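Working notes, beginning with the structure itself.
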Amino acid sequence: MPLKTMGHTFRPDTLLEVIFDFGFVFVGILVAVMWVKNGLPVDYGLVAIYAAILSLVMLAINAWLGFYQRIHDRTIEDSRARAVLSLHLSIPVAYVIFLILPSVNADRNLLELSGMAALFGMLSYRVMASHRRQRALVTLRLLIFGAGEHAASVAASLSKEDQTVRIVGFYPGHPSEPVMVPQEMLIPREKSLVDVVNELKVDEIVVAIGERRGGRMPLRELLDCRLSGVLVLDMSSHFERMLGQIRLDALRAGWLIFGDGFRQNTGRTVVKRIFDIVVATLLLIVFSPLMLITALAILIEDGPPILYRQERVGLNGRLFNVIKFRSMKKDAEKDGTPRWASKNDTRVTRVGRIIRKLRIDELPQLFSVLKGDMSMVGPRPERAYFVDQLTKEIPFYAVRHSVKPGVTGWAQVRYHYGSSVDDAAQKLQYDLYYVKNHTLLLDLVILFETVGVVVGGKGAQ
């Protein structure tokens, strides 16, 4: 049975992956040192200490970056971004720890080179392993409590996204519940839930019923299962952990109110603000020549103005003016009616099409970050006209305004460019996940993934 740690399932096959990664880096460093030492004397005791420290740091960072989680909706570009971030974080952190140790006197260049070689090899393997379809060494046995529409939705997502899970059956929530799952997988209600769990050796239960009142949930039996070590999740927690989103069709206000997350404390606010200022300043310095060239290109093709300001909705519904390079013709909305941007939009200029494809038009938003109206990472800021429309049509849409809007965000790197109410609803599911779980580490991951999105030209209109 999988181990349960900090509310997450830690499976034996994950443990084998961790052991393999540790051994790969540890042995790789020793081999690299022997290969490049050029006859110089080497203290292999110190090398082994450094290898162990780097391996442990790498495992911790890889775990934080989600390489050992059952979330498989990442693209290979997303995984590569995480691997690059792990490489950049693991080596300096491990080396600082190593230097703190007493009586350390080692060849720094040799250790850095060997560590980078070993990590690069292991992370390359980890990216490939994350996207290789293979039979799991250990299968997670999952029981779905429910047999209706919600249960079918959970089963469909699992069969599509996670090949390491085996659904052992569906336990009906109530006799009146319409059955929308395969009849052969239905478990008779005559058997108690605890007996079913023991008989089928269930590791995890997902509660997938629409109505929980009226005695439809055997709370005592679910509690007994939980106390025996079986992880019990509702649909919202399942989709959050599985897909990195909070599904609107499984979301209840009580789950948002009483669940964990949504840590908007002073410490997080200060750290995020410092992070925003540092990153925005560095990016403005690096891309200032490109911004100058873009300004000249816009001026030559269509004349002034080079920039345009547009009112958007920010933190707590406050209005602010976002700044972008002008990518559309001057009379793009001459009738005064706001419209969604669409694929092959005829209002876009030739220069505009290029800078949109490369996301160069977004660079002036860095000034909005320095001003404090925006953050580097957060939900995309929308126009008040669309916000009013979406708030009426999509439940919980206003929740995304509890954090500052961002130049990039979790929804932007996970979902293509939105141009309809349905797209906005899909992106909101990722925005809610970010609002609930945002940390400095998640911000770093999103920034690295954004590079992959820009390089791949995905989602631009």
- Query: Which one is farthest from residue 445 (Cα to Cα), of the residues in the stretch 343-401 that are among the hydroxyl-bearing types (Ser, Thr, Tyr) and in a helix (DSSP H, G or I)?
  - Reply: 385
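Residues checked against (1) within 26 Å of residue 371 (Cβ to Cβ); (2) open to solvent by 20 Å² or more (accessible area, probe 1.4 Å); (3) out of contact with any Leu (no Cβ under 8 Å at 6 or more places or on another chain); (4) not hydrophobic (A, V, I, L, M, F, W, C):
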position	(1), (2), (3), (4)
397	yes, no, no, yes
410	yes, no, no, no
415	no, yes, yes, yes
421	no, yes, no, no
426	no, yes, yes, yes
437	no, yes, yes, yes
- Reported set for the stretch 275-314 where residues are part of a loop (DSSP other than H, G, I, E, B) and under 14 Å from residue 326 (Cα atoms) is 303, 304, 305, 306
- Task: Mind counting the residues in the stretch 424-457 that are under 23 Å from residue 355 (Cα atoms) and modelled with pLDDT under 80?
- Result: 9
- Message: With the requirement that a residue be open to solvent by 90 Å² or more (accessible area, probe 1.4 Å) and under 33 Å from the mean Cα position of the chain (by Cα), what does the stretch 153-205 give you?
- Response: 160, 163, 166, 180, 201
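For the stretch 370-389, give me each residue that is of a type in the set (D, E, K, R) and either open to solvent by less than 10 Å² (accessible area, probe 1.4 Å) or touching a residue at least 24 places away in the same chain (Cβ under 8 Å) (or both).
373, 380, 382, 383
When the residues of the stretch 235-248 are narrowed to those that are open to solvent by 10 Å² or more (accessible area, probe 1.4 Å) and either over 20 Å from the mean Cα position of the chain (by Cα) or of a type in the set (A, V, I, L, M, F, W, C) (or both), which ends up nearest to residue 196 (Cα to Cα)? First the steps, then the outcome.
Restricting attention to the stretch 235-248, the residues satisfying the condition of being open to solvent by 10 Å² or more (accessible area, probe 1.4 Å) are 237, 240-241, 243, 245, 247-248.
In the following step, the residues that additionally are either over 20 Å from the mean Cα position of the chain (by Cα) or of a type in the set (A, V, I, L, M, F, W, C) (or both) were identified as 243, 248.
Details: 243: 27, 248: 30 Å.
Among those that are open to solvent by 10 Å² or more (accessible area, probe 1.4 Å) and either over 20 Å from the mean Cα position of the chain (by Cα) or of a type in the set (A, V, I, L, M, F, W, C) (or both), it is 243.
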- Query: Are any residues in the stretch 284-309 of a type in the set (S, T, N, Q) and exposed (fewer than 14 other Cβ atoms within 10 Å of the Cβ), and if so, which ones?
  - Reply: 288
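The values are calculated or read from the model by the stated rules, or taken from the named source; none is laboratory data. Just so it is clear, the model here is predicted, and its values are computed rather than measured. We place every Cβ from the backbone using ideal geometry, glycine too, and count neighbours over all the protein chains shown. Side chains are part of the model used for accessible areas, which takes the heavy atoms of the whole protein and leaves out ligands, DNA and RNA. Shrake-Rupley method; radii C 1.70, N 1.55, O 1.52, S 1.80 Å.
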